[in-house]
Every structure is written in C-alpha cells, then in structure tokens.
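Before any comments, here is the structure.
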Amino acid sequence: MKVTHALSTSSLPQGTTSKLDLLVFFSAEPTEVSARRPLNLSLVLDRSGSMGGAPLRHAIQAAQALVEELHEDDQLSVVIYDDTADTLIAPGPVKDKRAISQKLGTVRAAGCTNLSGGWLKGVGHVQTSKSDERVNRVLLLTDGQANVGTTDPRVLTSTAKQKADEGIVTTTLGFGSGFNEDLLIGMARAAEGNFYFIQSPDDAAGVFKIELEGLASVVAQNLRVTLTPAGNSKVSAVLNNYRSEARGAATEITLGDVYGVEEKVLALELSVDAAAPGSTLVATLAYAYDVVEGGAIKETRGEIPVVINVLAAEEEASAPDLGAVAKASQLRSAKVKDEAVALADKGELAKAAKGLRDMIEALRSGPLAASFEIAEEIEQLDHYAQRLEKKGYDGNIRKELRDQSYQGASRSRGDLANRGSSGSAAALEAVSTAVGGVVVKCEREGGKLRIRVIGDGYDANRNVQFPRAVREEGTSYVVEKVLPSADGSFYRVSGTIKRLVLPGQERAAGAVRSAPSAASPRKAAPAKTPATAADLESVASIGTGVLVQCVKEGSKLRARVVSDGFDPNWNIRFPRSIREEGILYVVDQVVEAGGGGSYIASGEIKKLIQ
C-alpha cells in the first residue's frame, strides 16, 4: 500500500506557535488492485410495513442487481425481517443467480422493525462462512426505527464494535426519511463499515454498486495509525470521524478498510512551536494494517517522520499546499455540520445557523474560494443556514446534514459528497419562453442534483454553480446569464432565475398554494368503510398516508399501526368489516384517542398493492 503525507504549509517562521494540518493518504499500488478477494456477505433487508410499495420494490431490484455482480466463489446469505427475522437464502456460494433473484422477488412487506434480530442473524450467517481469505461483511438496510427486539442504540453500537473486533464488519443503509440516522451512523463507525443515505427508491441500486466496488477492491484491512508528537508540538484535533483514542501524548486512530478504488485520508490539526531554524521533526507517524497472503493474515507496519522547515527572520514563507488545504477545509465543514445538528436538536437554531455562516466566511477568505468544490460547499452551507434561520429544521434536513458530515469526514468519493434531496422551484416566476435568457436543467445523477446548460456555445459537461434551494429534479430554468468561473473550469448563473413551463402554465413569482402544514393537521374525520376489504381501492404507494396491518392474536384479528412514529402495541379503532390477515392498509390519518393509549383510523382507507 502506498502511504504519503502533506502539511498545509511546509514552513513556519521562527519564534511562533502555529496551527497546521497534517494530511496522510493511504492508497493502493497498481499491482494490488487486480486481485479481487472473494466476498462473504449477508444482505439483511427490512421488509416491515413502512417499506411497502416502491421502497421495497426498489430495494429488491437493487439486491438483485448486486447478486448479478457476485462471483461463484462468493458466499451470500439473505435475511429478511419485520417483527421477526427469517433466512430467505441460507449461506452458500453464488451459483444459481436466477434462483436467488426469484427468491428475492417473493419478499413482501409486513409488520414492525426488528432491526437487531435481522442484523444479528445476518452476522451469524457471515460467522458460519468466515474466512481470513474473504471479505466478511453484513449489509443492513432499513427505512425505520428499531421498535421490536433490542432497541437501545448504545447496545446495538457496542455490539457492532464487538463484532468488528471479531472480524465481521457492518455497513448500514438508511432508506427514505424514517430511519434513525444516529443509530445507523453509530453502528457503521463502531463496526468500521460504511453508512449510506438512500434518499429515493431509484437511488438504491447506485448505492449498492458503490459499496460493492469498495468490497471488491479491498487492499488492506484494520488500518491503525499512531501519531506521536515531538516535544515541540501536540495534536489539537482529529478532523475525521474515525475512532480515536489518546494514549498519553500519542493519538491512536482506527481507519478500517482501504479500497483500491478510493483513497483513505487521515487529517489532524497540530500545534507547533517553531524554535531554531532548519528542518524540525514535528511528529512520528506509525501505521499498521492487515493483508491476506497465502491464506493467512499478515500484519504490515511502517513509520514516517513528519518534518517542517523553520524559517529564519529574513527567509520568505512558502506557499500553502492547496490540496492539503482543500481536504482540511472539507473536513472542518463536515464537523461544523454535525455541530449544527447538535445545536438545532436543542432548539438553538440561530446559533446553529451562525456556525454554518462562520464556516462560509472562512471558506470565502481561503485560498480556494474560486474553486467549484468550495463554491458548492459554500452554497450548501448557505442553503442550510437559511433553512435554520427560517426555522425550517426537520428530519430530512437533519439526515442530509448528518450524511454530508459523515461522507465528508470518512470518504473520498465525489459521488457521495454533498448529496441532498430536491428543493422547490414552485415559488419562482414561471415563463414559457427563454427569450433573453439561457436555459439550464436540473438532473439527478446518482444521489446528486446537477445543473446543465442547454444551449449553443456552452459546454453541457461543465458543472454549474446554482442555488440549492430551487434545484428540483427534471425542472428547466431560464437565467439571465451564465458566466464562466475565474479559472474557466465551471459556470456561475447570474441574475433572476425563472422556471420554464409550457404555454398556458405561466405564473407570477410566489403564486403557489401552500400545502397543509404538519403543525396544523387536518381535522380527523371518521374512516370511510366499504362492505369488505375486496371493495377497497388499491394503491401502489403509501404517499402521505399511514400503514395499518391486521395480525392474528388467538382467534381475533387485531389491527395495529406499523408506520414509524407510532406505537405498534397500542390498539387502533379500525373497521372490522375490512379486517383481513396479512393485508397492508393505507389510512389518510391515524390520530391518538382522547384518553390516550390508543389510536383512531381517520379518513379514507385503501389497500396497498405489493
């Protein structure tokens, strides 16, 4: 494995105490990438009621696509879980892909979310086929909260670390807007795996592909780094979110696996006292990692002295290392996003927004303010600051901030950086002609919304700097001007932005009817009851409804709410004439009864097609 390092500056003036950043890069040598180790995977799929409809269909399709990429010498098991966990496909070699895909296609949604039961069953399957020659990993996908079985995040996270210490890594995948991101990120970090936010159903296949690319190119495992400062320096901060621990003056960091398709980066902030002129030792960096050779694990070790040049008074300071500065800035921005979430969770929205705005000013005053990556980061921070200032903090914003923080601090893939769901162009002035302006279009590429210029004289492949808040997938816009950046590498839009629509759909800016607010819900109305379940209208998606399921308890059919955010143990007043075991119902509203402790189904009831 190739190990290099860089300092944000290569020299310091004599007689000063300065902060500088140390970046350490771990990457594969060309000869290491060719050999693909066999995989030992357990795919653990949430099939609880909230996955019903499009989410489960797309998750199954993504799983089927993953199976197609596996080799015959790979081991695979599939676990499905709702209230209980079941093995759909027992551990074994991937010999009959068609049969595996057909079995996956039989999965249907029902019940609550026994995340711990499904995950631990998957861990057990990986354990049965565990081998040093294989990459041993569990892929845990869920769209909800752990509400059955072990639900304490601290227990689940500590167990994930224990399993990682035993050689079984867990990657977590959060689907939609109902899952517990703190739990899934905590488990992934503790287990030395990865975390992914699958924002839309059609995003699932791309995320599975990213994870498989990494697994198929593992070149080192269990990477550990120990940084021991020299007497003139100390570690001020670890900028990544890897597991770290102080050992006296030294700092130990656990970085997990290194992939051939992705560089692993460690960044630390150092405080250095620059004394006598000349080359000065700042720290000693020791690293160790495991590789498999001849069917056995072999530990490889290395050590790098980190030195800096201390300048005499008459010497001119060197220019900063822009690559190191850019990466350190990205990592600091990731940390600020997590800090903003922590403040916003306590209701300190103004303070959270200020932290984001302070980061914006730091980026604008830095040496890379004109680059597209920093310009996009500034736009993202501004978008979230505005949302917080307008008290628009919600679950989706929280998930985006936490995902961006995680990916920015842990990964080096551009297709995972700054992903976010659509904004809204509804309040823009809508026009049906582009006369006097330039047309641009918003398209989704993987989990990212990208703007392209449509028109002669422009390069459609160049990135475009465009306000995040009005990016809406599939929407075309008319902007006054599209100008090249200072270095000509990307475009910036300038002036008024309008939405391009068909003739007859024109509308003034802001002329849009507001949707009902969650803070002022519709008044509960009695559920509309047809004669039998066969008379119910069928729907293919849940939309804004609530899922209810009927389960047999003794000789009775009991209705319970299986959507996240509701207590599945509470009784619900639900029409008996349409109760049928196994059916998932989509109800307009479920409200708490006046005395508490139970629910009432309200509005229209439909049957979910699976």
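The values are calculated or read from the model by the stated rules, or taken from the named source; none is laboratory data. A quick note: this is a predicted structure, and the numbers were derived from the prediction, not measured. Please note: Cβ atoms are built from the backbone with ideal geometry, for glycine as well, and neighbour counts cover all protein chains shown.
A single entry from N240, N222 fulfils the requirement of being outside any strand (DSSP E or B), among the polar types (S, T, N, Q) and in contact (Cβ under 8 Å) with a residue 24 or more places away in the chain: N240. Go through the residues of the range 384-396 one by one and say whether even a single one is more than 30 Å from V482 (Cα to Cα) and under 15 Å from the mean Cα position of the chain (by Cα). Scanning the range 384-396, I find at least one residue that is more than 30 Å from V482 (Cα to Cα) and under 15 Å from the mean Cα position of the chain (by Cα), so the answer is yes. There is no residue in the range 191-204 that is in contact (Cβ under 8 Å) with a residue 60 or more places away in the chain, surrounded by fewer than 21 Cβ atoms within 10 Å (Cβ to Cβ), touching an Asp or Glu at 6+ places or on another chain (Cβ under 7 Å) and in a loop (DSSP other than H, G, I, E, B).
State whether the residues of the range 207-219 include one that is of a type in the set (K, R), touching a residue at least 40 places away in the same chain (Cβ under 8 Å) and assigned to a strand (DSSP E or B). No. Exactly one residue among Q380, Q407 is at pLDDT 90 or above, among the polar types (S, T, N, Q) and over 25 Å from F26 (Cβ atoms), and that residue is Q380.
When A205 is tested against the conditions (1) small (G, A, S); (2) in contact with a helix residue (DSSP H, G or I) (Cβ under 8 Å, 6 or more places away or on another chain); (3) under 26 Å from D394 (Cβ atoms); (4) modelled with pLDDT under 90, the lone failure is (3). Annotation: of all residues in the range 2-32 being within 18 Å of D257 (Cβ to Cβ) and surrounded by fewer than 15 Cβ atoms within 10 Å (Cβ to Cβ), the one that is modelled with the lowest pLDDT is E29.
Among the residues of the range 579-599, write down those that are over 33 Å from the mean Cα position of the chain (by Cα) and closer than 23 Å to G53 by Cα. Selection gives R579, E580, E581.
Scanning for something closer than 23 Å to T171 by Cα, within 26 Å of the chain's Cα centre (by Cα), assigned by TED's automatic domain parsing to the domain that holds R134 and surrounded by fewer than 21 Cβ atoms within 10 Å (Cβ to Cβ), does the range 40-57 turn up at least one residue? Checked against the condition, which is being closer than 23 Å to T171 by Cα, within 26 Å of the chain's Cα centre (by Cα), assigned by TED's automatic domain parsing to the domain that holds R134 and surrounded by fewer than 21 Cβ atoms within 10 Å (Cβ to Cβ), the range 40-57 yields at least one hit. Scanning the range 4-33 for residues that are of a type in the set (A, V, I, L, M, F, W, C) and either within 27 Å of the chain's Cα centre (by Cα) or in a helix (DSSP H, G or I) (or both) yields L22, L23, V24, F25, F26, A28, V33.
Screening the candidates F574, F566 for the property of being surrounded by 21 or more Cβ atoms within 10 Å (Cβ to Cβ) and either outside the structural domain of G53 (by TED's automatic domain parsing) or not polar (S, T, N, Q) (or both) yields one hit, F574. When you scan the range 220-239, do you find a residue that is crowded, with 21+ Cβ neighbours inside 10 Å, touching a Lys or Arg at 6+ places or on another chain (Cβ under 8 Å) and under 30 Å from T16 (Cα atoms), even just one? Yes: one or more hits.
Only helices (runs of 4 or more DSSP H) whose full extent lies in the range 55-170 are considered here, and the ones with at least 1 residues that are closer than 28 Å to L255 by Cβ and touching a residue at least 12 places away in the same chain (Cβ under 8 Å) are 115-128, 153-165. Of the listed requirements (1) more than 26 Å from L39 (Cα to Cα); (2) touching a helix residue (DSSP H, G or I) at 6+ places or on another chain (Cβ under 9 Å); (3) surrounded by 20 or more Cβ atoms within 10 Å (Cβ to Cβ), L268 misses just one: (2). Scanning the range 1-34 for residues that are under 25 Å from S318 (Cα atoms) and of a type in the set (F, W, Y) turns up just one, F25.
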